[in-house]
Amino acid sequence: MLVLIDAHAHMWDRKMLPDLAVRSYMAPVLEIPEEERKKYGTMLDFNLEDEVPFADYAVSIEEPLETIYGNNMDYMVILGTDFELLGSGKMTNEEYMDWMFQRCTVDDKFLPFISVDPNKGADAVKMIEQLVKKYDPKGIKMYPATGFYPSDPKFKDYWDKVDDLGLTVVTHAGMALPPLDEKYCHPSEFSSVAEKYPDMNIIIAHLGGKFHEELLPLMEEHENIYTDCSALQGWAHDDRSMICKRIKSVSSRFPDRIVFGTDFPLYESSFSAMQFIREIREGDWGTDYQKDALLGKNMARILGL
């Protein structure tokens, strides 16, 4: 039986992101020549004062549902992100979690993951306990770019709690724009975590992103390290063949430890989930077993679905 799971998607609210971050995101985009920006339609239109600072930031609930049912997906994992410590915003992380989980109640195909910044110390551990008790999520999203090294010994209590609760970890890896800092986003940072917690499943997002070369050695060393292929759509404009090349480089060695993800709603207007799925299914990069494992069977096994 074929299974299709989007293991990396988002639901954002404008109020959960500090204005400082939006201004920083705007800066490099506005340096792109106008003619070049036009190629992306409205995706790169920014307006700090609007409720939606850029087109793909906040979407109606109908849009992810259309993506799910239009592609016959079994589930879509919705990843929260805790930006609260980046600066003053209009919504606390707890309020954002409440908003996101409530929004996901409209359909059982949504599988929301909590997110709690470990830099909150003892409060982070308490919040994980509270959110798990309240929502019973299957996983937690990490975003090291907010300012932490996952391997830092001071986060022992945090990782102990995540491990005790059996949460699957999804972590960002690769590029990050200020005020975020990509120096924290190396996949290799999870080596000591994976070693200490061998029963904890850790998914390195974006095939490691710009630090892709660190991914395969990490997966070779630790059987509990997985990865997702989200954001590969970014290659579609300049070198579409790179999508399947990158997937093949991992799946050929670790066919049971790579999962599908879209990074929805990002890329939806430039290279949709439907196009991405078709590229994977029709691409000459692997066997039917590898494709079925990537597109859903691996994530179903990880989450016990």
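The values are calculated or read from the model by the stated rules, or taken from the named source; none is laboratory data. For clarity, every value in this text was computed on a predicted model and none was experimentally measured. Neighbour counts are summed over all protein chains in view; Cβ atoms, including those assigned to glycine, are modelled from backbone coordinates with ideal geometry.
For region 278-300, the set of residues classified as of a type in the set (A, V, I, L, M) and touching a Leu at 6+ places or on another chain (Cβ under 6 Å) consists of LEU295 only. When you check VAL250 against the structure, is it under 16 Å from MET76 (Cα atoms) and of a type outside the set (Gly, Ala, Ser), yes or no? The answer is no for VAL250.
Yes/no per residue for (1) touching a Ser or Thr at 6+ places or on another chain (Cβ under 6 Å); (2) of a type in the set (Lys, Arg); (3) modelled with pLDDT under 95:
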| site | (1), (2), (3) |
| --- | --- |
| LYS156 | no, yes, no |
| ASP160 | no, no, no |
| LEU165 | no, no, no |
| LEU180 | no, no, yes |
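Please work out if PHE271 is surrounded by fewer than 24 Cβ atoms within 10 Å (Cβ to Cβ), of a type in the set (Phe, Trp, Tyr) and under 26 Å from LYS196 (Cα atoms). In short, no. When the criteria are applied in full, LYS134 fails the requirement of being in a helix (DSSP H, G or I) and under 18 Å from ASN224 (Cβ atoms).
Out of all the residues in region 103-122, is one or more in contact with a helix residue (DSSP H, G or I) (Cβ under 8 Å, 6 or more places away or on another chain), buried (at least 19 other Cβ atoms within 10 Å of the Cβ), β-branched (Val, Ile, Thr) and at pLDDT 95 or above? Yes: region 103-122 contains one or more residues that are in contact with a helix residue (DSSP H, G or I) (Cβ under 8 Å, 6 or more places away or on another chain), buried (at least 19 other Cβ atoms within 10 Å of the Cβ), β-branched (Val, Ile, Thr) and at pLDDT 95 or above.
You will find that of PHE190, PHE155, the residue that is more than 27 Å from LEU294 (Cα to Cα) and hydrophobic (A, V, I, L, M, F, W, C) is PHE155 and no other. Annotation: of all residues in region 178-236 being of a type in the set (Gly, Ala, Ser) and under 22 Å from ILE280 (Cα atoms), the one that is farthest from the chain's Cα centre (by Cα) is ALA236.
Listed by first and then second residue, the pairs linking a residue in region 129-148 that is closer than 22 Å to PHE190 by Cα to a residue that is hydroxyl-bearing (Ser, Thr, Tyr) and in a helix (DSSP H, G or I), with Cβ atoms under 7 Å apart and 6 or more places separating them unless they lie on different chains, are PRO144/TYR184; ALA145/TYR184; GLY147/TYR184; PHE148/TYR184. Being modelled with pLDDT under 95 and closer than 17 Å to HIS10 by Cα: is that true of VAL59 here? Criteria met by VAL59. Going by the structure shown, is PHE264 in contact with a Cys (Cβ under 7 Å, 6 or more places away or on another chain) and of a type in the set (A, V, I, L, M, F, W, C)? No. In region 188-305, counting only helices (runs of 4 or more DSSP H) that sit wholly within it, the ones holding 1 or more residues that are under 30 Å from LEU65 (Cβ atoms) span 241-251, 273-282, 288-292, 298-303.
Table: residues versus (1) in contact (Cβ under 8 Å) with a residue 60 or more places away in the chain; (2) among the β-branched types (Val, Ile, Thr); (3) touching a Cys at 6+ places or on another chain (Cβ under 9 Å).
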position: ALA176; (1), (2), (3): no, no, yes
position: GLU189; (1), (2), (3): no, no, no
position: ASP228; (1), (2), (3): yes, no, no
position: ASP239; (1), (2), (3): no, no, no
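When the test is whether a residue is at negative phi, touching a residue at least 40 places away in the same chain (Cβ under 8 Å) and of a type outside the set (Ser, Thr, Tyr), LYS248 does not pass it. Looking for something assigned to a helix (DSSP H, G or I) and farther than 24 Å from GLY261 by Cβ - is there at least one such residue anywhere in region 108-121? Within region 108-121, one or more residues are assigned to a helix (DSSP H, G or I) and farther than 24 Å from GLY261 by Cβ.
Among residues of region 139-186 being part of a loop (DSSP other than H, G, I, E, B) and either β-branched (Val, Ile, Thr) or touching a strand residue (DSSP E or B) at 6+ places or on another chain (Cβ under 6 Å) (or both), the one that is surrounded by the fewest Cβ atoms within 10 Å (Cβ to Cβ) is LEU167. As a summary of the residue check, ASP288 satisfies the conditions (1) buried (at least 19 other Cβ atoms within 10 Å of the Cβ); (2) more than 19 Å from GLY208 (Cβ to Cβ) except for the one numbered (1). Annotation for region 111-133: no member residue is among the polar types (S, T, N, Q) and farther than 28 Å from ARG14 by Cβ. Within region 187-228, restricting attention to residues that are crowded, with 20+ Cβ neighbours inside 10 Å and among the hydroxyl-bearing types (Ser, Thr, Tyr), the residue that is nearest to LEU167 (Cα to Cα) is TYR226.
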